[in-house]
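Every number in this text was worked out from the coordinates using simple rules, so none of it is lab data. Only a predicted model underlies this, so the values are computations on that prediction, with no experimental measurement involved. Note that we place each Cβ from the backbone using ideal geometry, even for glycine, and neighbour counts take in every protein chain shown.
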Amino acid sequence: MLVVPVVFVVLGILIKYKKMYHLIAGYNTMTKEEMDKYDIEGIATLMKNVMFGMAIVMIIGLLLTYWTGTSDYEVYALGLALVVGIPYLLVQSNSDRYKINNH
């Protein structure tokens, strides 16, 4: 099903290029002072890249399913994208790399 990869691509575009940062969980509940402690542009770029990467993995699974006639590849690709993509996104976005040092 092509819907999930399309949703990931659209979310990546909205967050990065339309600056819809409120779609990032927890960001819109921060105070202005807390928001200023993070490189939101960097986090938005990370979100876009991970969302696009997850979408590509799923599309590859869809293509393999189409070519082989078995739906196993679609399921494996979805699982791989979610199991690798989500933890990677969480670890990277919460790392010190995106915190602004205001000393």
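On full extension of the chain, what length is gained from L23 through V3, given 0.36 nm per residue of separation minus the C-alpha to C-alpha distance?
Taking L23 through V3 to full extension adds about 5.3 nm, to one decimal.
Report, largest value first, the span of the C-alpha coordinates of region 1-95 along each principal axis, in whole Å.
53, 24, 18
Using alpha-carbon pairs under 8 Å, 6+ residues apart, how would you state the relative contact order of the chain in percent?
This gives 32 percent for the chain.
Just order 50-63, 80-93, 29-42 by mean Cβ neighbour count inside 10 Å, highest at the front, would you?
50-63, 80-93, 29-42
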